[in-house]
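Have a look at the structure below, then the notes.
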Amino acid sequence: MKILFINSNRYKFPPVIPIGIEYLAGSLSKTQHTYKICDLCFSDKPIDDLNKALAKFKPEIVGITIRQIDTVLYQNNEFFLPEIKSYVDLCKLFGCKVILGGSGYSIMPQQILKYTRADYGIEGPGELALIHLLNKLKSNKNVPSIINGYSYFKNLYYHFKREILFDYKKYFNNGGIAGFRTQIGCNENCIFCTEGNKRIIYHHPESVAKEIAQIKQLGYTKFHLCDSEFNLNLEHCIKVCKAMCNICGSTNWALYMKPGPYSDELFYWLNKSGADLITLSLNTNYSAYDKLKNFCLAASKNNIKIAVDLSTGFPNEDIESLKLMLDTLDKLPVETVGVNSFYRIYPGTPLFNVINNGEVTQEFLINWDINTDYIKPVFYNYFNEQTLRKAIAGRKKFRIEGFEKATNYQRV
């Protein structure tokens, strides 16, 4: 079958190379299905460009990746689904079946499928599920409208194939960098996060390193890890770093980590592999300050800078817990701290369950009503902006998240 992949993400602060499509293309390269790419990221007239791509390629199937439903942060929020729905509508005019996927789609698969009126959706990883779906459609067999991509993965490690398909030069010239991943899923259960409690699927360490080497050979040397958090499994982390050292050499890369687990051996191999920036995901409920200090000192000893994404303002949180965390971070070798207390509410998260159970009063909810399906952005906020500014008290290391359109690798 002929499938047109559409990168619908036109948010450019920074622009993000859609590596999910590259992995899907890698899977399809082993089949008789053919594909083309329509990258709308830098398009001034996306509908016109999509119309031309559809008319020229004449696909039977269109796959649209949805990276984000909106920009997540309360300040300067942008809602993307109406534009994506217009792409679905156009594809249907050409007689195409439309499949949705991507991290944004997987947050609310049923609601987004209904909103956009697409035909099918793949929740979670699509590398194997897409092939299954295309084969079923080619045989005119009935398939469910939503497929769980996790159900097609059986082993611990997978050798993922990735095709390098996009104009990396344009992305880099506009502030983007190359992405890669070492795993899918997360075993955490953070109160606001949509990625928690998901089965972890590991990329084989050698596959990761070969993928990076392939991109470096094209002349691109700055990378950012796309895992939810890197240090979910220390053994896997160290194997990846060692494979990088052996196959692609020291590489300039940034990554996300949580406060634990970690070890001196992990930081040694992070340094050897070329990691130079860790964004540490932290919340003010975390009280193991000695462990936090040791984490930061271990990173500093290995010449790795730290930026912190600090979440605060949980239901009934004491303001003193925020002040204590700010004082602690102020004394540690941390480059920058983004403080966030506005949380986009998504169905299925612990925060959603707290609100759904009536444990949060309406005064802390923004854009909420009793009939909301949470497709359009609804926010929870316990510590308001004035409270945060008073707690930060002008310290330069700290900023309130959401006002600046930038990422940590651009700030540090």
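The values are calculated or read from the model by the stated rules, or taken from the named source; none is laboratory data. Computed from a prediction, not measured in an experiment: that's the story for all the values here. With ideal geometry, Cβ positions are generated from the backbone for all residues, glycine too; neighbour counts draw on all protein chains shown.
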* Structure fact -> When every residue in region 392-410 that is surrounded by 14 or more Cβ atoms within 10 Å (Cβ to Cβ) and in a helix (DSSP H, G or I) is compared, the one farthest from the chain's Cα centre (by Cα) is I392
* Asked: Which condition number does R389 fail, the rest of (1) surrounded by fewer than 14 Cβ atoms within 10 Å (Cβ to Cβ); (2) over 26 Å from the mean Cα position of the chain (by Cα); (3) touching a residue at least 60 places away in the same chain (Cβ under 8 Å); (4) outside any loop (DSSP other than H, G, I, E, B) being met?
  -> (3)
* Structure fact -> From the option list G26, G102, single residue qualifying as touching a Lys or Arg at 6+ places or on another chain (Cβ under 8 Å), surrounded by 22 or more Cβ atoms within 10 Å (Cβ to Cβ) and either under 29 Å from G338 (Cβ atoms) or outside the structural domain of A406 (by TED's automatic domain parsing) (or both) is G102
* Structure fact -> A careful count of residues in region 371-383 that are surrounded by 16 or more Cβ atoms within 10 Å (Cβ to Cβ) and either among the charged types (D, E, K, R) or in a loop (DSSP other than H, G, I, E, B) (or both) gives 6
* **In region 183-215, the residues that are touching a residue at least 60 places away in the same chain (Cβ under 8 Å) and polar (S, T, N, Q)** => N189, T194
* Asked: What number goes with the only condition from (1) touching a Cys at 6+ places or on another chain (Cβ under 9 Å); (2) at pLDDT below 95; (3) surrounded by fewer than 18 Cβ atoms within 10 Å (Cβ to Cβ) that N187 does not pass?
  -> (1)
* What do you reckon, is L310 within 19 Å of K397 (Cβ to Cβ), surrounded by 18 or more Cβ atoms within 10 Å (Cβ to Cβ), in contact (Cβ under 8 Å) with a residue 12 or more places away in the chain and assigned by TED's automatic domain parsing to the domain that holds I212? -> yes
* Structure fact -> Checking D48, D44 in turn, the sole residue that is over 26 Å from Y343 (Cα atoms), in the same structural domain as S103 (by TED's automatic domain parsing), acidic (D, E) and part of a loop (DSSP other than H, G, I, E, B) turns out to be D44
* Scan region 352-370 and give yes if some residue there is touching a strand residue (DSSP E or B) at 6+ places or on another chain (Cβ under 8 Å), more than 23 Å from L113 (Cα to Cα) and surrounded by 18 or more Cβ atoms within 10 Å (Cβ to Cβ), otherwise no. => yes
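So that you can scan it fast, the table gives a plain yes or no per residue for (1) crowded, with 17+ Cβ neighbours inside 10 Å; (2) farther than 20 Å from K161 by Cα; (3) out of contact with any helix residue (DSSP H, G or I) (no Cβ under 6 Å at 6 or more places or on another chain); (4) without any contact (Cβ under 8 Å) to a residue 40 or more places away in the chain:
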| site | (1), (2), (3), (4) |
| --- | --- |
| I17 | yes, no, no, no |
| I21 | yes, no, yes, no |
| H33 | yes, no, no, no |
| I61 | yes, yes, yes, no |
* Residues of region 313-350 being more than 25 Å from the chain's Cα centre (by Cα), in contact (Cβ under 8 Å) with a residue 60 or more places away in the chain and buried (at least 17 other Cβ atoms within 10 Å of the Cβ), which ones? -> L322, L326, L329
* Total residues in region 155-172, condition assigned to a loop (DSSP other than H, G, I, E, B) and modelled with pLDDT of 95 or more -> 9
* Can you tell which of L54, L113, L100 is more than 29 Å from N367 (Cβ to Cβ), modelled with pLDDT of 95 or more and either not hydroxyl-bearing (S, T, Y) or not in a helix (DSSP H, G or I) (or both)? -> L54
